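A.B. asks: Here's a structure for you.
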Amino acid sequence: MILFLDLNSFFASVEQQLQPKLRGRPIGIIPNDCDSTCCIAASYEAKHFGVKTGCGIREAHERCPGITLVLARPDEYIKAHHKILEAVDTIYPVQGVYSIDEMSFKLTGPDREIDRARELAMGMKRAIREIAGEYLRCSIGIAPNRMLAKTASNMMKPDGLVVIQRHEIPDRLHALDITDFPGIADGIRNRLHRYGIHTTKQLCSASKQTLRKAWGGVLGEVWYHWLKGDDPHIAATKRRNCGHQHVLAPELREAEKARSVAIRLLHKAAARMRHEGFWCTKLTLNIKPIEAPSWVAYVNLEPCQDTVRLLHHLDQLWKLQPHPFIFCVGVTLGGLVRDSQIEQPLFEQDRKQTNLAHTMDQINRKHGHASIYYGAMHEGKDAAPRRIPFANVPDLDLPDTGGMGAFKQPALKLKQA
Ligand SMILES: [Mg+2]
């Protein structure tokens, strides 16, 4: 499940947060104070009078005579953005940031349960109010993929929370206009009309070929899957491995100390792999000694998500490595297989250990990395700091993860701030 969070009337709300005299009043944010400018955001009080993003200032005054026009302060909006990220990160790791006021979260494991997902959403709203400011409200949508989650976030504003569950698709969508979907604007709507698609019901029951033609390419197929509640960009992911390497500080180059760093790297890679919903079938240990050629060894595995089992195999590999002093160590989990392709572990012990790993991930997500970890990595626990917070799962936006490219093209359009 994806949780999509969209701040309501963001620029205007930030101003109302910073300037209490503006609270509860219709305001419009303008980028400069010349007569020909227009509102780049409007408070809900102004929207009530029909003032919208893009509204010229003369029109804004006509529609809403009492409106206060406020000169935009981009630096303040960026500061607020970071405060909001900080706030929501206390609840759940951010998966993607799409604009200054939009972000998404990938709910995994038990967090996909509807009650738990709602609880997380309410927690985020609360955290934003407490940490970023009581006047900052957001609408949250929860659905099986990002497109539907964003659509859901638009269904109730302000301060909304809308959940679309898989079994409610497509009926729940039928009440929407086709342009209510993010990314369907006039151009695509007109093309859809040419294929006889005027309603969401028709859109949801159109064939893959029709949508492909309407969109003029593979993007139409992506939409076909999105509308069914699938997550095609993930299905297309070509991600084959997940690993980390680390150049060791001089005091950690002795083999035994390097080993604890390797364990830390494994711990980190395994947590990321689980977070992204993969299982590995291969573990590779890579050693670069000082002034000797690299040493590499690997072991093939039954699909595995269990850090304890992986640690055991890492240990076996480590015993084979001959170097007393090591310059750089790398651990790679390879041959990744999707959750959906996995039969759950057969043996009770494996199941327990996999669950334990997921539980440790949750604790570390909530209380910071390495809040709980395996004793063997104690020495190396701080050796490989996260340059980019794990919470951002930065790989998801990099082209080398394969299929995400397909998701990038239809980048959901930022309608308004
Ligand atoms: Mg917004």
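A.B. asks: Based on what the data block shows, is Lys150 in a helix (DSSP H, G or I), on the phi < 0 side of the Ramachandran plot, more than 16 Å from the chain's Cα centre (by Cα) and within 16 Å of the ligand (Cβ to nearest atom)? Let's see the steps before the verdict.
C.D. replies: Details: in a helix (DSSP H, G or I): yes; on the phi < 0 side of the Ramachandran plot: yes; more than 16 Å from the chain's Cα centre (by Cα): no; within 16 Å of the ligand (Cβ to nearest atom): yes.
Answer is no for this residue.
A.B. asks: All but one of (1) of a type outside the set (A, V, I, L, M); (2) loosely packed, with under 15 Cβ neighbours inside 10 Å; (3) under 23 Å from the mean Cα position of the chain (by Cα) hold for Gln305, so report the exception by its number.
C.D. replies: (2)
A.B. asks: Oh, and also: Determine whether Lys106 is crowded, with 18+ Cβ neighbours inside 10 Å, more than 27 Å from Ala12 (Cα to Cα) and charged (D, E, K, R). Outline the logic, then answer.
C.D. replies: On the way: crowded, with 18+ Cβ neighbours inside 10 Å: yes; more than 27 Å from Ala12 (Cα to Cα): yes; charged (D, E, K, R): yes.
It is true that Lys106 is crowded, with 18+ Cβ neighbours inside 10 Å, more than 27 Å from Ala12 (Cα to Cα) and charged (D, E, K, R).
A.B. asks: Condition first: within 15 Å of the ligand (Cβ to nearest atom) and β-branched (Val, Ile, Thr). Now tell me which residues in region 88-98 satisfy that.
C.D. replies: Hits for region 88-98 are Val88, Val97.
A.B. asks: Can you pull out every residue in region 114-147 that is of a type outside the set (Ser, Thr, Tyr), out of contact with any Pro (no Cβ under 7 Å at 6 or more places or on another chain), within 16 Å of the ligand (Cβ to nearest atom) and touching a residue at least 40 places away in the same chain (Cβ under 8 Å)?
C.D. replies: If the condition is that a residue be of a type outside the set (Ser, Thr, Tyr), out of contact with any Pro (no Cβ under 7 Å at 6 or more places or on another chain), within 16 Å of the ligand (Cβ to nearest atom) and touching a residue at least 40 places away in the same chain (Cβ under 8 Å), then Ala121, Met124, Ile128, Ala132, Gly133, Leu136, Cys138, Ile140, Gly141, Arg146 are the ones that fit.
A.B. asks: Scan the helices (runs of 4 or more DSSP H) fully inside region 1-75 and keep the ones with 3 or more residues being within 16 Å of the ligand (Cβ to nearest atom).
C.D. replies: Working: elements: 10-18, 44-47, 57-63.
Once the helices (runs of 4 or more DSSP H) in region 1-75 are filtered for at least 3 residues that are within 16 Å of the ligand (Cβ to nearest atom), what remains is 10-18, 44-47.
A.B. asks: Only residues that are surrounded by 19 or more Cβ atoms within 10 Å (Cβ to Cβ) and in a loop (DSSP other than H, G, I, E, B): list them for region 82-92, please.
C.D. replies: Matches in region 82-92: Ile91, Tyr92.
A.B. asks: Continuing with this model, one more query. Is one or more of the residues making up region 83-99 of a type in the set (Val, Ile, Thr), over 21 Å from Gly123 (Cα atoms) and assigned by TED's automatic domain parsing to the domain that holds Ala41? Can you show your working first?
C.D. replies: Narrowing region 83-99 to residues of a type in the set (Val, Ile, Thr): 84, 88, 90-91, 94, 97.
With over 21 Å from Gly123 (Cα atoms) added as a condition, the list becomes none.
Taking every residue of region 83-99 in turn, none turns out to be of a type in the set (Val, Ile, Thr), over 21 Å from Gly123 (Cα atoms) and assigned by TED's automatic domain parsing to the domain that holds Ala41.
A.B. asks: Still on this structure: Being part of a loop (DSSP other than H, G, I, E, B), in contact (Cβ under 8 Å) with a residue 40 or more places away in the chain and of a type outside the set (A, V, I, L, M) is true for just one of His267, His323. Which residue is that?
C.D. replies: Details: His267 fails: part of a loop (DSSP other than H, G, I, E, B).
Within the list His267, His323, the selection yields His323.
A.B. asks: Still on this structure: From the list Trp226, Trp215, exactly one residue is crowded, with 18+ Cβ neighbours inside 10 Å and modelled with pLDDT of 90 or more. Which is it?
C.D. replies: Numbers: Trp215 fails: modelled with pLDDT of 90 or more.
Within the list Trp226, Trp215, the selection yields Trp226.
A.B. asks: Collect the residues in region 55-81 that are surrounded by fewer than 15 Cβ atoms within 10 Å (Cβ to Cβ) and more than 25 Å from Pro20 (Cβ to Cβ), keeping them in residue-number order.
C.D. replies: Passing the criteria: Gly56, Arg58, Glu62.
A.B. asks: Test of understanding: among Asp111, Asp101, which residue is away from the ligand (no atom under 16 Å from the Cβ), acidic (Asp, Glu) and touching a residue at least 12 places away in the same chain (Cβ under 8 Å)? Can you show your working first?
C.D. replies: On the way: Asp101 fails: away from the ligand (no atom under 16 Å from the Cβ).
When all the criteria are applied, what remains is Asp111.
The values are calculated or read from the model by the stated rules, or taken from the named source; none is laboratory data. Computed from a predicted model, the values in this text were never measured in an experiment. When we count neighbours, we look across all protein chains shown, and the Cβ atoms used for this are built from the backbone with ideal geometry, even at glycine.
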